[in-house]
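Peer 1: Have a look at the structure that comes next, please.
What follows is calculated from the coordinates using simple rules that are stated; it is not laboratory data. Keep in mind the model is a prediction, meaning the values are calculated, not measured. Positions of Cβ are backbone-derived with ideal geometry, glycine not excepted, and every protein chain shown enters the neighbour counts.
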Amino acid sequence: MHSSLFISDLHLSDERPATVNLFLQFLVEYAPASDRLYILGDLFDAWVGDDEDSETAARVTRALSAASGDTDIYIMHGNRDFLMGEDFSINSRTTLLADPCVIQIGDQNVLLTHGDQLCTQDIEYQKARQMRTQPEWLEAFRSKSLAERKAIAKMYREQSGEAKSLLAEDIMDVTDSAVEQWFDYYNIKLMIHGHTHRPDTHIHHVHGKECKRIVLPEWHEDSAAVLAINEKMDTLQIPVKAV
Ligand SMILES: [Mn+2]
């Protein structure tokens with residue numbers, strides 16, 4: 001049995017009902033066999049506040065809450081759904097994680113991150129990210145109506161070109177030096193992230209230490225994959241197929 005599951009970049013929305021259904025199927029069929037499920041960002045394609053009124057928001061929140069009876073579910077913000085807050089966390093019976101955060105599996109520390117902070121060559125994006133983490137910006141944004149917030153989010157995505165498409169070539173990759181800095185600073189040998197839609201396993205050599213970076217795949221309407229890790233640190237990619 002695998003004790004921890006990791007997924008990211010589902011980009012769930014009313015426009016992708018098949019992917020939403022695949023996730024709900026995953027929560028029923030795959031998640032209960034594991035102790036912990038980690039969702040490392042961009043669960044939703046957009047989330048402008050906990051008053052989100054989409055059908056997808058309601059269905060997914062309910063399904064998470066139901067699944068959390070069997071599995072502890074941890075959710076990290078992505079660059080699309082960074083406004084998930086305490087109400088969402090309570091309603092979905094999930095725990096929000098800071099980005100980055102270090103967890104322990106067996107006797108090893110593992111760093112989890114969405115991954116966008118490591119794309120340091122995307123200067124414009126990092127500036128925008130910096131802005132939206134300021135309390136003043138958040139307060140001003142939250143004070144707007146739901147319709148206004150949705151319109152601003154849509155406009156921002158169109159203007160910035162930020163993940164206009166979900167294709168890897170339209171998303172900047174991480175910078176190796178930033179990755180290596182984090183391996184060093186957090187003193188870890190395993191890092192798991194998503195965001196770039198470039199699923200792979202990379203080996204980095206940091207001051208003579210061999211470090212592994214696992215990049216999670218994005219979800220599609222008929223297929224996805226979940227990374228499973230047990231207490232012995234065996235890793236396994238399990239395909240998730242639509243029935
Ligand atoms: Mn992302």
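Peer 1: Give, rounded to the nearest 20 debye, the magnitude of the charge dipole that the stretch 4-241 has about its Cα centre when Lys and Arg contribute +1 at Cβ and Asp and Glu contribute -1 at Cβ. Walk me through the numbers before you get to the answer.
Peer 2: Details: 23 positive and 40 negative charges, 32 e Å.
Using Cβ point charges on Lys, Arg, Asp and Glu, the stretch 4-241 gives about 160 debye.
Peer 1: Any idea how far the Cα center of the stretch 113-159 sits from the one of the stretch 210-240, in Å?
Peer 2: For the stretch 113-159 versus the stretch 210-240, the Cα centre distance is 28 Å.
Peer 1: Normalised by the residues of the stretch 4-241, what does the relative contact order come to in percent, with Cα pairs under 8 Å and at least six apart?
Peer 2: Working: 441 pairs, mean separation 54.7, N = 238.
Computed over the stretch 4-241, the figure is 23 percent.
Peer 1: Mind checking the full-extension length gain between Leu96 and Ala168? Use 0.36 nm per residue of separation minus the Cα-Cα distance, one decimal, nm.
Peer 2: Between Leu96 and Ala168, full extension yields 23.3 nm more.
Peer 1: Using a 7 Å offset from the Cα along the Cα-to-Cβ direction at both Asp72 and Lys212, what is the distance between the two label points in nm, to one decimal?
Peer 2: Calculated label separation equals 2.2 nm.
Peer 1: Among Ala140, Thr95, Ala18, whose Cα lies farthest out toward the positive end of the dipole of the chain, if unit charges sit on the beta carbon of Lys, Arg (+1) and Asp, Glu (-1)?
Peer 2: Toward the positive end, the furthest listed residue is Thr95.
Peer 1: Treat each spin label as a single point 7 Å out from the Cα along the C-beta direction, and report the Arg129 to Phe141 distance in nm.
Peer 2: In this crude spin-label approximation the distance works out to 1.4 nm.
Peer 1: For the stretch 1-92, what log10 I(q)/I(0) values come out of the Debye formula at q = 0.15, 0.17, 0.22, 0.23 1/Å, with one point per alpha carbon and no solvent?
Peer 2: The calculated log intensity ratios at q = 0.15, 0.17, 0.22, 0.23 Å⁻¹ are -0.50, -0.65, -1.14, -1.25.
Peer 1: Sorted by packing (mean other beta-carbon atoms within 10 Å per residue), highest first, where do 8-20, 143-155, 39-51 land? Intermediate values should be presented prior to the final figure.
Peer 2: Details: 8-20: 20.2, 143-155: 13.1, 39-51: 23.0.
Result, highest mean first: 39-51, 8-20, 143-155.
Peer 1: Same structure again: In whole angstrom, and with the biggest value first, how far do the Cα coordinates of the stretch 112-243 range along each principal axis?
Peer 2: The Cα atoms of the stretch 112-243 stretch 49, 44, 28 Å along their principal axes.
Peer 1: Turning to a different aspect of this structure: Expected output is a single nm value to one decimal: the length gained when fully extending between Gln108 and Glu86, i.e. 0.36 nm times separation in residues minus the C-alpha distance. What is it? It would help to have the intermediate numbers written out before the result.
Peer 2: On the way: separation 22, 0.36 × 22 = 7.92 nm, distance 2.94 nm.
5.0 nm is the gain from fully extending Gln108 to Glu86.
Peer 1: Determine the gain in length on full extension of the stretch Glu55-Asp176; use 0.36 nm per residue of separation and subtract their C-alpha separation, reporting nm with one decimal.
Peer 2: On the way: separation 121, 0.36 × 121 = 43.56 nm, distance 3.91 nm.
Here the answer is 39.6 nm.
Peer 1: Based solely on its DSSP helices, what 222 nm [θ] is calculated for the chain when runs of n ≥ 4 H residues each add -39,500 (n - 2.57) and the sum is averaged over all residues, nearest 500 deg cm²/dmol?
Peer 2: Details: 7 runs with 76 residues, N = 243.
My calculation for the chain gives -9500 deg cm²/dmol from helical runs alone.
Peer 1: If you build the Cα gyration tensor of the stretch 4-241 and take the root of 5 times each eigenvalue, what three semi-axes come out, in whole angstrom, biggest first?
Peer 2: On the way: eigenvalues 139, 105, 53 Å².
Square roots of five times the eigenvalues give 26, 23, 16 Å.
Peer 1: Given Thr56, Ile105, Met172, which one lies farthest toward the positive end of the charge dipole of the chain, if we put +1 on the Cβ of every Lys and Arg and -1 on the Cβ of every Asp and Glu?
Peer 2: Looking along the dipole axis, the top candidate is Ile105.
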